[in-house]
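**Q** Here's a structure for you.
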Amino acid sequence: FYAFYVFKICFIDNCYGEFVETNEPIEIGADLCAGSLIKNPGGGIAPTGGYVAGKSELVKQCSYRLTAPGLDKNCGPSLFSNRLIVQGLFYAPMIVGEALKGAIFTSGIMEQMGFEVYPRYDEKRSDIVTAVILRDKDALISFCRGIQKVGPVDSHVMPEPWAMPGYDNKIIMAGGSFIQGSSIELSADAPLREPYVVYIQGGLNFFHVKLGILSGLQTLIDSGNLKIK
């Protein structure tokens, strides 16, 4: 007789989801979860990095892959950012709360302007992302440029669609952020394909999200892609 043992691991990519709900994945049965520190848990302060959390043996196995068996998480580069990582984690729940308020505002006002949004302003959320269906290529590009205009960094830059490696369609990204690639800071990105959905996330404070969305709408009006009756 042969005995077969199947070892199953429930692994969760928790990007955009940290601190949004009361419980985190490992509290409701996941074996392991991971995420990025330039998203929710970095609080807009951590300059780089990622994390894994869960069952101790699985975390140890991950650390073996990061460094080497026997070394695990007892050594490795910190890039002089330990204080920033911990400080970002400290601020993260408040920052995620601001991003969530901004996401609800985004859903509400974009729906009032006649666009389909997911989730709607009154629906339960499990992450900080709002999807808005613009249904027009030019409208998509214009909206992203409006978001870029209010960035604290590179507000003078005009986003252009480009063939990003790993994607089947051209991608446009707006993100005038302090930390490159940060998506806990206000940003928007979209593939240039029908139905032309833009994904909006982040915002270090509610007022910046409001400013960004209103700028995006104003750019749609100025470019003739949105008419207010």
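The values are calculated or read from the model by the stated rules, or taken from the named source; none is laboratory data. What you are looking at is a predicted structure, and each value in this text was computed from that prediction instead of being measured. Cβ: placed from backbone, ideal geometry, glycine included. Neighbour counts: every protein chain shown.
**Q** In this structure, is L79 among the aliphatic types (A, V, I, L, M), touching a residue at least 12 places away in the same chain (Cβ under 8 Å) and not assigned by TED's automatic domain parsing to the domain that holds S183?
**A** Criteria met by L79.
**Q** When you check D136 against the structure, is it surrounded by 14 or more Cβ atoms within 10 Å (Cβ to Cβ), acidic (D, E) and within 13 Å of R193 (Cα to Cα), yes or no?
**A** yes
**Q** What about V86, is it touching a Cys at 6+ places or on another chain (Cβ under 9 Å) and not hydroxyl-bearing (S, T, Y)?
**A** No: the conditions fail for V86.
**Q** Provide a single number: the residues in region 139-165 that are more than 15 Å from R193 (Cα to Cα), surrounded by fewer than 17 Cβ atoms within 10 Å (Cβ to Cβ) and out of contact with any Ser or Thr (no Cβ under 9 Å at 6 or more places or on another chain).
**A** Adding up the residues that qualify gives 5.
**Q** Cβ-Cβ distance below 7 Å, separation of 6 or more or different chains: which pairs start in region 97-109 with a residue that is touching a residue at least 60 places away in the same chain (Cβ under 8 Å) and over 9 Å from F206 (Cβ atoms) and end on one that is buried (at least 24 other Cβ atoms within 10 Å of the Cβ) and hydroxyl-bearing (S, T, Y)?
**A** A103/T130; T106/T130
**Q** Only one of (1) under 21 Å from the mean Cα position of the chain (by Cα); (2) surrounded by fewer than 20 Cβ atoms within 10 Å (Cβ to Cβ) fails for L71. Which number is that?
**A** Of (1) under 21 Å from the mean Cα position of the chain (by Cα); (2) surrounded by fewer than 20 Cβ atoms within 10 Å (Cβ to Cβ), only one is false for L71: (1).
**Q** Suppose we keep only residues that are among the charged types (D, E, K, R) and buried (at least 22 other Cβ atoms within 10 Å of the Cβ) within region 5-54. Which one would you say is farthest from F206 (Cα to Cα)? Write out each step before concluding.
**A** Residues of region 5-54 among the charged types (D, E, K, R): 8, 13, 18, 21, 24, 27, 31, 39.
Keeping just the survivors that are buried (at least 22 other Cβ atoms within 10 Å of the Cβ) gives 18, 39.
Values: E18: 18, K39: 16 Å.
Per the criteria, the residue is E18.
**Q** Now for a different question. So, I95, is that one part of a helix (DSSP H, G or I) and crowded, with 18+ Cβ neighbours inside 10 Å or not?
**A** So I95 passes the test.
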